Amino acid sequence: MPRTTFRVPRTLLAATATAALTLATALTTATVPAVAAQAPKAGPTETTSSFWACSVPAGYTYTSSRSSYTCSGGGSYPTTEFYVQPPADGLWACTTMPGYTHTGVMSSHTCSGGGSHTTSQYLLHKPVTGMWACSVPSGFTYTATQQSYTCSGGAGYTTTQFLLRAL
């Protein structure tokens, strides 16, 4: 008995794949504005969830950014959108924050707004006496230094770390 096979034309496969991708993209982009439209609560001292925003409010930092049409005012050009969060101990953030120091730096694409270049992310911590940190925050001095790769963001050189002491 001869074997019968059925071949699906490549154009039909390509059209099906394109339709599936278009539907997935439409569903994804349809949910993004709802997330981006969420407003922050009164301030970073309250329990505030993270949210996408067109700017970073005072007292907050951001942990990611992306290129988006959401913030372009209906324009045909993309702008940068930020994933905003209140600062917290152990948070990898795209900016340093007053009242915090950072104990590590990493080079990443996460904060570059979807660009191809890398930027730094900072490991935030509330400063305490006896902590090795990459910077000396207000209200602290340092009692020793050491050279380390921890604060150089993956570069091939060492930078200075500071042993903090509260004033």
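The values are calculated or read from the model by the stated rules, or taken from the named source; none is laboratory data. Note that the coordinates shown come from a computational prediction; the quantities given were computed from them, not determined experimentally. A quick note on method: Cβ atoms are made from the backbone with ideal geometry, for glycine too, and the neighbour counts reach across all protein chains shown. For the accessible areas, the whole protein counts, side chains as well, though only heavy atoms, and no ligand, DNA or RNA atoms are used. Shrake-Rupley method; radii C 1.70, N 1.55, O 1.52, S 1.80 Å.
For this structure, a couple of remarks:
- The label point for PHE51 and the one for TYR149, both projected 7 Å from the Cα toward the Cβ, are 4.1 nm apart.
- In terms of overall dimensions, region 57-98 has a Cα radius of gyration and Dmax of 12.4, 39 angstrom.
- Measuring r between the beta carbons of HIS117 and ALA58 and using R0 = 22 Å, the FRET efficiency lands at 0.25.
- When peptides 57-66, 152-161 are ranked by their average number of other Cβ atoms within 10 Å per residue, the highest-first order is 57-66, 152-161.
- Rg to Rh, two decimals, where region 94-167 supplies the alpha carbon set and Rh follows Kirkwood: 1.02
- Residues in region 73-97 that a label on ALA166 would reach, taking backbone N under 17 Å of a point 7 Å out along Cα→Cβ: 89
- Summed over the residues of region 44-116 and divided among them, the accessible surface reaches 48 Å² per residue at a probe radius of 1.4 Å.
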